[in-house]
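A short worksheet on the structure shown next.
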Amino acid sequence: MLQTNYLHENFELIDSQGWARFEIPRDFCKALLSTAQNRFRNQEFRDATVAEAVSNSTILPNEMRAIRSDMTCWVTDKSEEPTEVQLLFFLENIKSELSQYFRFGLTHFECHYAVYQPNKFYKRHSDQTKQNNHRFFSFVIYLNENWRPDYGGHLCGYRDEKVIFEIEPTLGTMVIFKSDLEHEVRPATQARWSLTGWFRK
């Protein structure tokens, strides 16, 4: 059973610095990775899109690939996969605790698997845009076993031009940050797997 009570002590960090890093069970993340890779083999992944592009038909596919070049597969509440059911329950509990701590009502969340093949990336951006300003907290769960620092693929967060965090995408690491924080995914030399999402109003 995934517990969330230990996460609460780090919400103060999210409040004060805009982000926090947590550790969640590695065995659970291994199960998520296995599920994600099965979905990839079943061709359920698609080229990722950019939030601004949802309502902007002038962004061409090649322009989008210059911004981000990963592939994603959405996880929905219709899933009957046991690991995903457990994941959604875990995220629902986090949503409730975030709402209680920050004293505003998060109504739902959304999430997807993401895979970045070698040399793929996501340029610096914010998850909270003019077209999509209902995302309040972003999160990433990393699924990469035996990851080495020299593989790259770090998640970097910015405040103005200052790097305020640089997270190695190692198995069992979870990051929650305010969605208006600019961040990027740097290229890696190996395939890089994660579960990414947003708590929304």
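The values are calculated or read from the model by the stated rules, or taken from the named source; none is laboratory data. In this text the structure is predicted, and so the values were computed from the model without any measurement. All Cβ positions, glycine included, derive from the backbone under ideal geometry; neighbour counts span all protein chains shown.
Quick check on the stretch 155-164. Is at least one of its residues without any contact (Cβ under 8 Å) to a residue 24 or more places away in the chain and under 20 Å from residue 120 (Cα atoms)? Among the residues of the stretch 155-164, not one is without any contact (Cβ under 8 Å) to a residue 24 or more places away in the chain and under 20 Å from residue 120 (Cα atoms), which makes the answer no. Taking the stated definitions as given, is residue 140 surrounded by 15 or more Cβ atoms within 10 Å (Cβ to Cβ) and of a type in the set (A, V, I, L, M, F, W, C)? Yes; evaluated as a whole, the condition is true for this residue. Restricted to strands (runs of 3 or more DSSP E) entirely inside the stretch 131-201, those with at least 3 residues that are at pLDDT 95 or above and of a type in the set (Val, Ile, Thr) are 162-167, 173-178. Taking the stretch 66-101 as the search range and keeping residues that are of a type in the set (D, E, K, R) and buried (at least 18 other Cβ atoms within 10 Å of the Cβ), which one is farthest from residue 191 (Cα to Cα)? Result: 95. If only residues of the stretch 152-168 that are under 14 Å from the mean Cα position of the chain (by Cα) and under 21 Å from residue 135 (Cβ atoms) are counted, the one that is surrounded by the fewest Cβ atoms within 10 Å (Cβ to Cβ) is 156. Residues that are within 21 Å of residue 181 (Cβ to Cβ) and β-branched (Val, Ile, Thr) within the stretch 3-23 comprise just one, 14.
Residues that are at pLDDT 95 or above, surrounded by 14 or more Cβ atoms within 10 Å (Cβ to Cβ) and not in a strand (DSSP E or B) within the stretch 107-120 are absent altogether.
Do we find that residue 104 is among the aromatic types (Phe, Trp, Tyr) and either surrounded by 16 or more Cβ atoms within 10 Å (Cβ to Cβ) or part of a helix (DSSP H, G or I) (or both) in this structure? When the stated conditions are applied, residue 104 does not pass them. For the stretch 122-140, the criterion of a residue being more than 15 Å from the chain's Cα centre (by Cα), of a type in the set (Lys, Arg) and closer than 20 Å to residue 13 by Cβ is satisfied by no position. I need the full set of residues from the stretch 171-200 which are among the polar types (S, T, N, Q) and under 13 Å from the mean Cα position of the chain (by Cα), in order please. Of everything in the stretch 171-200, those that are among the polar types (S, T, N, Q) and under 13 Å from the mean Cα position of the chain (by Cα) turn out to be 173, 179, 194, 196.
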